[in-house]
1. State whether one or more residues within the stretch 194-215 are over 19 Å from Pro71 (Cβ atoms) and assigned to a helix (DSSP H, G or I).
2. When you go through Phe348, Phe293 one by one, which is the residue that is more than 24 Å from Asn154 (Cα to Cα) and either open to solvent by less than 20 Å² (accessible area, probe 1.4 Å) or among the aromatic types (Phe, Trp, Tyr) (or both)?
3. Using the structure shown, decide if Ser191 is among the polar types (S, T, N, Q), open to solvent by less than 40 Å² (accessible area, probe 1.4 Å) and modelled with pLDDT of 95 or more.
4. Any idea which of Ser230, Ser225 is touching a Leu at 6+ places or on another chain (Cβ under 9 Å), among the small types (Gly, Ala, Ser), open to solvent by 10 Å² or more (accessible area, probe 1.4 Å) and over 17 Å from Pro105 (Cβ atoms)?
5. Here are the criteria: (1) open to solvent by 10 Å² or more (accessible area, probe 1.4 Å); (2) hydroxyl-bearing (Ser, Thr, Tyr); (3) over 17 Å from the mean Cα position of the chain (by Cα). Tell me which single one Tyr183 does not satisfy.
6. Quick test for you: out of Lys267, Lys284, Lys236, pick the one residue that is open to solvent by 70 Å² or more (accessible area, probe 1.4 Å) and modelled with pLDDT of 95 or more.
7. Quick one: count up the residues across the stretch 329-342 that are in a helix (DSSP H, G or I) and open to solvent by less than 80 Å² (accessible area, probe 1.4 Å).
Amino acid sequence: MFDLKNILRPNIASLTPYSSAREDFKGEADIFLDANENAIGSAITTHLLNRYPDPLQLKVKEKLGLMKDIPAANIFLGNGSDEAIDILIRAFCNPGKENIVVLPPTYGMYEVAARINDIAVKAVNLTDDLQLNLSSISSAIDSNTKLIFVCTPNNPTGGIIERTDIEKLLNSFNGIVVVDEAYIDFADEESMLKDIGQYPNLVVLQTFSKAWGLAGLRVGMAFASREIISIMNKIKAPYNVGDLAQQLVLNALENKAKVNEMIGILKKERATLIDKLKAFSFVKDILPSQANFLLVKTTCPNELYEFLIANKVVVRNRSTLPLCEGGLRMTIGTPDENKKLIELIQIFKKTYNK
C-alpha cells in the first residue's frame, strides 16, 4: 500500500520552508514596504518588474485549473519541467542510498538530475515495440526505489506508452510514478490528469514549451495530490517563476484557439513529412509519432546529420541510444522549413551511394 510518509526524506518532512515577504502577506495593498524592492521602478520601462512575483503563481494556477479541470492546490508551476523533476528527486530520494528507475530510450534529464543529487539510476530498456517491460521493471525495483519516470509520448521515439501498463505500475509500486506528458497536446490519447484523484502516487508533468510555443519562458507544470504538491512547494526557490513569465502565461491561456490551430498545422505537416521521407531508400523506418517530432531511422545517420549541419539545418542524432540505432530526431518545422529539409535530403541522396 502506497504511503507518502514512507518514502519522504525525513529531513524534508521536518523542513521549515523559507517564508518570503509575499507569502507572509496574501492580499491586495496600495503600498508594499516589506520585501526590500526598488520602490521607484524598473530599468525596463515597458513592464513594471520592480516587485517580486507571486511565489505560488495563484492567478495562473486558478486559470490553468479551470482549463484542465484540476484544483489549483493540485498544481505546481516551476522553471520548466526540469525543476519539477529535480524537486521530486530531492524530496523523496536520500543521497547515496536510494534510486530511481528510468526507461531508455527516454528524456535524459531524469538521469542527470538523479546523478547531480547522488541518486543511483536503474535503467530498464523499453521492449522492442517500445513499451514497458513490466517484468524487468519489477525485478529492478527494490526497497530503495522511490521514483519511476515514464515519458509518454516518449522522447525520442514519439510513441505512446500503454495506459494499462502505467496503471499496473501505479497499482503495484509503493513509490511515485512520474508520467511526463510534455508532448501530450500532439497526441490522440488522453492525458492521465483525470487519474490524479485515483492514484495518490501519480505525478503528471506537462509544459508550456512545446504546443504552447513558450519555450523561452521556462514554465513547466506538475499535477499531483495536494500532499505531493505541498511538499514540492516547500522545497522550491521562493520566486521560481518570474512575474513577466506569469503575466505572459496568463495571456496565453486566453488564446487556446491559437494553440489548437498550431497543433493542427504541425500534425498535418507531420503526416506530410512522413510520406516524403518514406520515399528515400536509405530511410529504413520512421517510428509512429504522437509528438511534434519524428525518429527517422536511416542507414547513414552520421553522414546525413553532418550534411544537414553543413547546410545550416540542425536535427538531433539519437543513433547511439538503445532501440534508436540509425535514428535522427527531426522536429516538425513550419511548412517552409520542412520543404527545405526535404530538398536538402534530395540533394544528399545524389551524393550518397551506399
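1. Yes; the residues of the stretch 194-215 include at least one that is over 19 Å from Pro71 (Cβ atoms) and assigned to a helix (DSSP H, G or I).
2. Phe348
3. The answer is yes for Ser191.
4. When all the criteria are applied, what remains is Ser225.
5. (3)
6. Lys284
7. Residues flagged as in a helix (DSSP H, G or I) and open to solvent by less than 80 Å² (accessible area, probe 1.4 Å) within the stretch 329-342 amount to 4.
Okay, residues lined up against (1) assigned to a loop (DSSP other than H, G, I, E, B); (2) open to solvent by 40 Å² or more (accessible area, probe 1.4 Å); (3) touching a strand residue (DSSP E or B) at 6+ places or on another chain (Cβ under 9 Å); (4) within 29 Å of Ala222 (Cα to Cα):
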site: Glu261; (1), (2), (3), (4): no, yes, no, yes
site: Leu273; (1), (2), (3), (4): no, no, yes, no
site: Leu304; (1), (2), (3), (4): no, no, yes, no
site: Ile309; (1), (2), (3), (4): no, yes, no, no
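The values are calculated or read from the model by the stated rules, or taken from the named source; none is laboratory data. All values reported here derive from a predicted model rather than from experimental measurement. When we count neighbours, we look across all protein chains shown, and the Cβ atoms used for this are built from the backbone with ideal geometry, even at glycine. Note: accessible area is taken over every heavy atom of the protein model, side chains too, but ligands, DNA and RNA are not part of it. Shrake-Rupley method; radii C 1.70, N 1.55, O 1.52, S 1.80 Å.
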